[in-house]
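The values are calculated or read from the model by the stated rules, or taken from the named source; none is laboratory data. A quick note: this is a predicted structure, and the numbers were derived from the prediction, not measured. Positions of Cβ are generated from backbone atoms using ideal geometry, with glycine treated the same way; all protein chains shown enter the neighbour counts. For the accessible areas, the whole protein counts, side chains as well, though only heavy atoms, and no ligand, DNA or RNA atoms are used. Shrake-Rupley method; radii C 1.70, N 1.55, O 1.52, S 1.80 Å.
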Amino acid sequence: RVQEQVRIRMMLRGQAPARPEDLADGIRGGQYSSTLRSSFSSRSQSNGVDPKASLYQPLAKKDFGTLRGSGWSSRSAVDLTPHKRMATISNGGLPKGRAYVAGYAASQAATASPRPSSFHERAFRCRQNLDTLAGTAAKAGCDWLDGAEGPPSRTIRAPAMRTLQRFQSNNRSRLSAGSFGTVPAGGSGAFLGLGEHSSRAPSVRSLAESGHHLAEPRAMEMYNGHGALLGHHAGGFDDIDLPSAVKYLIASDPNLQVLGAAYLQHKCYSDSSAKKQARSLQAMPKLVKLFNSPNQEVQRHATGAMRNLIYDNAENKLALVEENGIYELMRTLREPDDELRKNVTGILWNLSSSDNLKDRLARDTLEQLTDLVLVPLSGLGGSGVIQQNPSEAEIFYNSTGFLRNLSSASQQTRQKMRECHGLVDSMIHYVNSSLEVGKSEDKSVENAVCVLRNLSYRLYDEMPPSSLQRLEGHRRNAGGTVTGELVGCFSPQSKKAREHYLNADIVTFTEVSKDPKGMEWLWNPQIVGIYNRLLQRCELNKHTTEAASGALQNITAGDRRWAGVLSRLALEQERILNPVLDRVRTADHHQLRSLTGLIRNLSRHARNKDEMSTKVVSHLIEKLPGSVGDKAPPADVIVNIIAVLNNLVVESPMAARDIVYFDGLRKLFFIKKRRDSSDNEKSSRAAASLLGNMWQYTKLHRDFKMKGYRKEDFLSL
């Protein structure tokens with residue numbers, strides 16, 4: 001539409017049309033995409049892997065809905081700890097939410113008695129710390145147990161802006177009356193997700209409004225009453241060059257400032273050499289000074305030009321920041337002009353794709369962005385209902401994309417985001433409200449869930465010590481083991497002691513479940529239900545469901561008491577296995593990483609391993625390769641699957657039986673023998689450990705021999 005508009009203009013003026021690729025190509029004007037970059041991540045915790053290896057990076061905007069590169073995934077925490085015994089004593093945990101507190105004691109009455117140590121513990125003597133996290137180096141012999149999801153990183157870039165405003169037909173009809181304006185983009189009362197309105201750049205008027213009434217409405221459509229400019233620049237942009245445009249930025253006439261900024265916006269739309277030249281001509285500081293011009297059109301065009309100048313250009317981003325650009329942008333964000341606010345939030349999103357700027361951006365923007373955008377537009381600060389017109393929806397989308405990038409940065413930035421008053425509450429409220437009105441596919445929901453996933457990364461290690469102590473209670477010491485303190489005159493193993501700890505669990509769960517605020521939402525039992533609903537209701541946006549499963553993976557990881565509580569809550573109250581397994585059936589490799597990592601954590605903390613075995617073994621065996629020609633998932637997914645099976649086998653003979661029944665032995669022996677790469681070596685050791693544990697069930701030996709396998713096959717490394 002823009003291209004046709006400009007072509008008509010130029011025909012009427014007797015000029016050749018401007019380059020269509022600069023005017024008509026809308027890919028930088030606000031369309032969502034998933035082009036992969038190397039710096040953004042929706043993080044999920046993963047024990048035993050380099051933290052930077054598995055940050056999933058924010059999306060770069062290029063084409064709508066296309067994925068490039070090797071993978072999009074949030075990093076997720078997985079259970080990486082080998083069992084010291086074939087059966088472990090449950091450390092308790094609440095199976096259900098607030099409504100289930102009364103039944104908590106009864107559900108904890110039975111505990112498993114320990115069995116002999118498993119084969120893999122005898123074969124690989126290197127017991128790992130139960131709370132080892134992503135950066136821990138794996139030890140020889142059991143590094144598969146430390147292996148976890150390590151997806152590639154990626155960055156999500158905001159779009160650059162289109163050069164000219166898209167004109168609507170009813171706008172043209174108004175030009176004959178001598179007026180120029182932008183038709184409002186929808187009503188202000190209805191909730192509207194980004195997936196529902198036309199994805200476009202912030203609409204920017206071509207030049208400043210004027211009180212003059214020109215006889216030629218189409219000429220006014222281009223320059224809107226700037227007769228002097230029309231006379232001097234009859235060819236539109238054709239007889240302007242970059243040096244002239246930069247000089248116009250410091251002219252005393254706002255019309256010339258608008259013309260200079262509009263030309264820069266046009267020229268730098270897709271021309272990287274023009275961006276470099278503009279920087280060398282000192283366009284950056286000149287534009288920054290115009291961000292808060294008293295003339296609204298100057299502001300719009302200055303911010304629009306800057307958005308294109310910094311798009312995919314690290315040097316220009318740094319130059320903007322060094323010119324005190326962040327401070328000026330946050331001043332501009334206070335303006336009651338949606339078009340301007342779209343530009344500002346788009347610039348912030350583009351800036352946040354640079355890793356070296358994330359910490360500074362978090363320091364200088366979070367509180368103001370939360371107060372000015374997140375709280376009011378999420379519905380948190382008003383009636384509780386999301387009320388966004390299309391422009392506000394785009395502002396909120398840009399802002400959540402910005403947060404999504406920042407949340408993949410350092411521990412310091414994650415902590416600052418968790419502590420920022422209203423930030424986490426806004427994300428939770430927006431996601432929850434969107435679910436209630438059937439907007440789970442909304443792109444801002446995707447961004448918000450990715451933010452929550454990143455902020456749950458290493459949560460138990462990075463939360464305030466007082467909060468952690470509250471969740472852990474007195475059951476465990478600093479090393480994560482049950483304390484040996486006496487309860488009155490009773491030993492920790494006595495019935496009285498167990499009842500004491502059980503009552504403490506009930507009290508803790510009841511307290512934590514009440515009125516969560518801020519970062520408390522990240523570990524509150526209610527968050528499990530929100531993620532579960534996303535898994536069940538979001539059918540099209542796989543990034544949202546991957547982020548939800550990754551967030552669940554984070555909060556169920558490790559040997560912390562609360563990770564076990566939330567795991568059992570997910571299994572027993574939320575009954576999350578069915579929606580998770582539904583996703584496993586059709587998931588791509590990136591989704592499988594977080595899904596199998598989550599199942600791995602759940603399998604470790606599950607109380608009833610027999611019941612879980614009947615549900616998951618067949619689905620997981622189906623994903624394993626059994627011959628050279630089979631389509632195989634990535635090695636880390638294979639390791640996750642084998643770890644799930646191992647967690648079940650060490651406590652459930654039913655799991656071992658089902659592995660045999662569903663042709664798992666053939667696949668496990670194939671994986672065990674395949675050692676042609678470092679990744680396959682890890683999965684080979686995992687398979688060897690699982691097969692060794694299966695041999696412990698003597699009642700299955702006859703079945704093993706009927707399939708042609710001997711003791712040596714199971715016990716050889």
query: Averaged per residue, what accessible surface does the stretch 256-371 expose to a 1.4 Å probe, in Å²?
result: 33 Å²
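Using 0.36 nm per residue of separation minus the Cα-Cα distance, give me the extension gain between Arg334 and Ser383 in nm, one decimal.
Between Arg334 and Ser383, full extension yields an extra 15.5 nm.
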query: For the stretch 612-716, what does the equivalent ellipsoid look like in terms of its semi-axes, each the square root of 5 times an eigenvalue of the Cα gyration tensor, given largest first in whole Å?
result: 20, 15, 12
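Given a Förster distance of 56 Å, report the FRET efficiency between Asp713 and Ser280 from their Cβ-Cβ distance, rounded to the nearest 0.05. It would help to have the intermediate numbers written out before the result.
Values: r = 69 Å, r/R0 = 1.24.
Once rounded, the FRET efficiency stands at 0.20.
Rounded to the nearest 0.05, what FRET efficiency do Asp241 and Lys514 have when you use their Cβ-Cβ distance and R0 = 56 Å? Spell out each step's value before the answer.
Numbers: r = 65 Å, r/R0 = 1.17.
E between Asp241 and Lys514, to the nearest 0.05, is 0.30.
What pairs from Lys317/Lys443; Lys416/Lys615; Lys317/Lys416 go past 32 Å between their alpha carbons? Walk me through the numbers before you get to the answer.
Numbers: Lys317/Lys443 25 Å; Lys416/Lys615 41 Å; Lys317/Lys416 23 Å.
Check vs 32 Å cut-off fails for Lys416/Lys615.
What's the carbon and sulfur percent of the stretch 236-353's accessible surface, probe 1.4 angstrom, rounded to a whole number?
Values: 1790 of 3990 Å².
Its accessible area is 45 percent carbon and sulfur atoms.
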- request: Determine the per residue accessible area of the stretch 509-567 with all protein chains present and a 1.4 angstrom probe, expressed in square angstrom.
  value: 27 Å²
task: Heavy atoms only, probe 1.4 Å: what % of the accessible area of the stretch 612-716 goes to carbon and sulfur, would you let me know?
output: 49 percent
message: Within 12 Å, Cβ to Cβ, of Thr400, how many net charges do the neighbouring residues add up to if Lys/Arg are +1 and Asp/Glu are -1?
response: -1
- request: Give the distance, in whole Å, between the Cα centre of the stretch 422-477 and the Cα centre of the stretch 247-314.
  value: 39 Å
statement: With a 24 Å threshold on alpha-carbon distance, the violating pairs from Lys247/Lys358; Lys609/Lys699; Lys673/Lys705 are Lys247/Lys358
Taking the convex hull of Cα positions in the stretch 236-353, its mean projected area over all directions (nm²): 6.5 nm²
task: Round to a whole angstrom and tell me the spacing of the C-alpha centers of the stretch 639-676 and the stretch 503-573.
output: 28 Å
query: Considering the zone a paramagnetic label at Glu436 would reach in this model (a point 7 Å from Cα along the Cα-to-Cβ line), which residues of the stretch 384-398 have amide N under 16 Å from it?
result: 384-388
- request: Report the local net charge at Ser433: Lys and Arg +1, Asp and Glu -1, summed over other residues whose C-beta lies under 11 Å from its C-beta.
  value: -1
